[in-house]
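Notes follow once the structure below has been shown.
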Amino acid sequence: MTDLETPRLLLHPTNASDALRVVAGAPEEGARWAPGYPSASERAAAERFLDTCARSGDPSPFGSYEIRRREDGLVIGGMGFHGPPDATGAVTIGCGLVPSVRGAGYASEALRALLRFARDQGVRRVHGDADLDNIASRRVMEAVGMRLVREDEKLAYYRIDLDPRTEE
């Protein structure tokens, strides 16, 4: 698989060796990780990816992606699918950025690219969630057109229906 590109970012597909390095917190020789990467949630996503690989094979293209800045190659976070589309054509996504780059629009830019990619792969609906007090993540989902569909005592749940005939 090739990288997904945006004006400022590359979303680099994760493979098993990448995921092992994230779990270990040890970058590959020559790789550049932003301070704070990987976070605990990035490590958990890498462990889920490895578990999926072990149980049913590499989930690509519906796996995880490193978010890299194009200008310097620095890994600033991760984004990806929680698995392949279900029987209705729906997927769930997650995203995280290191604190030092938050607020610069990177998350929205990366999420728009992932949504376009999902639509191009035939995905019909994308789900996401955020802690109730995670206003930044909620704003990112709203900025790309996801809408709040429900809340419980801990989480706000969002979704967007993708039309394969239209451009975002």
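The values are calculated or read from the model by the stated rules, or taken from the named source; none is laboratory data. The model shown is predicted, which means the values in this text are computed figures rather than measured ones. When we count neighbours, we look across all protein chains shown, and the Cβ atoms used for this are built from the backbone with ideal geometry, even at glycine. Protein only, heavy atoms only, side chains kept; ligands, DNA and RNA dropped before computing areas. Shrake-Rupley method; radii C 1.70, N 1.55, O 1.52, S 1.80 Å.
Computed from the Cα positions only, the extents of the chain along the three principal axes stand at 42, 35, 34 Å, in decreasing order. Peptides 94-104, 75-85, 131-141 ordered by packing proxy, namely the average of other Cβ atoms within 10 Å per residue, highest first: 75-85, 94-104, 131-141. Annotation: per residue accessible area for the range 47-168 equals 53 Å², rounded to a whole number [probe 1.4 Å, protein chains only]. A cut-off under 15 angstrom between Cβ atoms defines the neighbours of GLU153, and their net charge, with Lys, Arg +1 and Asp, Glu -1, is -3. Size descriptors for the range 14-87: radius of gyration and Dmax over Cα atoms are 12.3, 41 Å. Expressed as a whole percent, the accessible area of the range 33-146 that falls on carbon and sulfur atoms is 47 (1.4 Å probe).
Each distinct pair of alpha carbons in the range 104-168 adds a 1/r term; the inverse of their mean, the Kirkwood radius, is 12.2 Å.
Using a simple charge model, +1 on the beta-carbon of Lys and Arg, -1 on the beta-carbon of Asp and Glu, nothing else, what dipole does the chain show about its Cα centre, in debye to the nearest 20? List each step's numbers first, then the result.
Details: 22 positive and 26 negative charges, 49 e Å.
Its charge dipole is roughly 240 debye.
Only the Cβ atoms of Lys and Arg (+1) and of Asp and Glu (-1) were treated as charged; on that basis the dipole of the range 1-97 about its Cα centre amounts to roughly 160 debye. Each label point was placed 7 Å from the Cα along the Cα-to-Cβ direction; for THR88 and ASP51 their separation is 2.3 nm.
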